[in-house]
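Inspection log for the structure reproduced underneath, given as C-alpha cells.
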Amino acid sequence: MRILTQNTSLLARVRTLAGQAAGRFLAQNCLLCGQTSEGEILCQACANDLPRLPASICPRCALPTTAGEPCGRCLAHPPHYDRTLAAFSYEFPLDKLIQAFKYAHHLALAAYLGREIASLASDVVADLVVPLPLHPVRLRERGFNQALELARPVAVTLGLPLDSRTCERIRHTPAQAGLSWKNREKNIRHAFQCARELSGQRILLVDDVMTTGASLNELARTLKQHGASEITLLVVARTLR
Ligand SMILES: [Zn+2]
Ligand SMILES: [Zn+2]
C-alpha cells in the first residue's frame, strides 16, 4: 500500500485536500492506495480491508473475549459507561487515517468516519450526542476538536441533537500516553465539568480512539453525576491490548 512507504506523501496530499475541503471530498483517488475511487474517500477494496474488531468482544468495553461475554475487568470494576461501540481496531492503516484526520483537519475523513460510527449506533435509543471535550489549551494548539468533528456527522445521520457546550475539560492534564491504567485514572480525575443537569438523558459519547478509556470513563462518571441515565461510547477505533 502506498501509505506504508510514503507517509509523507499521504500527509502532503491530505494537507492539500484539507485546503480544498468545503465539507466535500473533491479528489477522485483513494486516500490509501491512490487508485480511482469514484469520488469516495477510500476505494471499495481499501474500505473492505480496514481492520475491524473481532466478532467476540466485551459489550461494555469492546475488548476481545472468548464468546462475547463481559471481560474480567468490567465485571470486577464496572465502568461508568454502559456499552462501547467501536468501528475498527486501532492498527494499520486505520491509525494513519486517524493521524491524517487529527493533524490535518481533514473534514472529508471526519465525515466518512463519523458515518461509519453512526451506522453502529442506528439501533441505540439515545437523546443526545456529546463529543469528548478538549481542554482550551489543547484546542488552541490543534485548532479543532476531532471528537466534535466526528460527532457532527453522527448527530446529523442519527437525527439527534449535538451538545458540545454543556461539558468542558477544566484540567489540562499531562499526556496520558506512557501512564499505567491506574495512573491514567488518577491523572484524569475531575478533569471535566458539566454546566447543566442531564436528567434521564441517554447519551452517545463520541471520541476518535479509545485506548484505556480512562478519559471517556471519567466523563461518563461526570455525566451520570449530572443525571444522565445511560452512556454509550461511540468511537472510531479501539486499541486492543
Ligand atoms: Zn484504495
Ligand atoms: Zn470489558
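Looking at ARG184, is it at pLDDT below 95, open to solvent by 70 Å² or more (accessible area, probe 1.4 Å) and either touching a Cys at 6+ places or on another chain (Cβ under 8 Å) or among the charged types (D, E, K, R) (or both)? Steps first, answer last, please.
Details: at pLDDT below 95: yes; open to solvent by 70 Å² or more (accessible area, probe 1.4 Å): no; either touching a Cys at 6+ places or on another chain (Cβ under 8 Å) or among the charged types (D, E, K, R) (or both): yes.
Taking the combined requirement at face value, the residue does not satisfy it.
Got a sec? Which of ALA108, ALA104, ALA118 is within 16 Å of ligand 1 (Cβ to nearest atom), small (Gly, Ala, Ser) and under 22 Å from LEU148 (Cβ atoms)?
Working: ALA104 fails: within 16 Å of ligand 1 (Cβ to nearest atom); ALA118 fails: within 16 Å of ligand 1 (Cβ to nearest atom).
On inspection, the qualifying residue turns out to be ALA108.
Pairs are defined by a Cβ separation below 6 Å, a sequence spacing of at least 6 or placement on different chains, a first member in the range 32-50 that is at negative phi, and a second member that is near ligand 1 (Cβ under 8 Å from one of its atoms) and among the small types (Gly, Ala, Ser); the pairs so defined are CYS43/SER37.
The single residue among CYS61, CYS46 that is surrounded by 18 or more Cβ atoms within 10 Å (Cβ to Cβ), modelled with pLDDT of 95 or more and either touching a Gly at 6+ places or on another chain (Cβ under 9 Å) or among the aliphatic types (A, V, I, L, M) (or both) turns out to be CYS61.
I'm trying to understand the selection: among the residues of the range 195-214, which are more than 20 Å from GLY114 (Cα to Cα), out of contact with any Gly (no Cβ under 9 Å at 6 or more places or on another chain) and either open to solvent by less than 30 Å² (accessible area, probe 1.4 Å) or among the basic types (Lys, Arg) (or both)?
Applying the first criterion (more than 20 Å from GLY114 (Cα to Cα)) to the range 195-214 yields 195-201, 212, 214.
With the extra rule that they be out of contact with any Gly (no Cβ under 9 Å at 6 or more places or on another chain), the set shrinks to 195-196, 212, 214.
Those that are more than 20 Å from GLY114 (Cα to Cα), out of contact with any Gly (no Cβ under 9 Å at 6 or more places or on another chain) and either open to solvent by less than 30 Å² (accessible area, probe 1.4 Å) or among the basic types (Lys, Arg) (or both): ARG196, ALA214.
Of TYR112, TYR103, all but one fail to be surrounded by fewer than 17 Cβ atoms within 10 Å (Cβ to Cβ), away from ligand 2 (no atom under 16 Å from the Cβ) and farther than 30 Å from GLU197 by Cβ; the exception is TYR103.
Can you find, within the range 41-86, the residue that is nearest to ligand 2 (Cβ to nearest atom) among those that are assigned to a strand (DSSP E or B) and farther than 14 Å from VAL235 by Cα?
Here is the first cut: in the range 41-86, the residues assigned to a strand (DSSP E or B) are 52, 57, 64, 83-86.
Within this subset, residues satisfying the condition of being farther than 14 Å from VAL235 by Cα are 57, 64.
Numbers: ILE57: 8, PRO64: 10 Å.
Within the range 41-86, the match that is nearest to ligand 2 (Cβ to nearest atom) is ILE57.
Pairs meeting the criteria (first residue in the range 204-219 and over 14 Å from ALA237 (Cα atoms), second residue open to solvent by 10 Å² or more (accessible area, probe 1.4 Å) and of a type in the set (Asp, Glu), beta carbons under 6 Å, at least 6 apart or on different chains) are ALA214/GLU185.
Just checking, how many residues over the range 127-144 are open to solvent by 20 Å² or more (accessible area, probe 1.4 Å) and not in a helix (DSSP H, G or I)?
First pass over the range 127-144, keeping only residues open to solvent by 20 Å² or more (accessible area, probe 1.4 Å): 127, 134-143.
Remaining after also requiring not in a helix (DSSP H, G or I): 127, 134-135, 143.
Residues meeting the conditions: 4.
The values are calculated or read from the model by the stated rules, or taken from the named source; none is laboratory data. No experiment lies behind these values; they were computed from the predicted model shown. FYI the Cβ positions are ideal-geometry reconstructions off the backbone, even for glycines, and counts take in every protein chain you see. Ligands, DNA and RNA are excluded from the accessible area calculation, which covers all protein heavy atoms including side chains. Shrake-Rupley method; radii C 1.70, N 1.55, O 1.52, S 1.80 Å.
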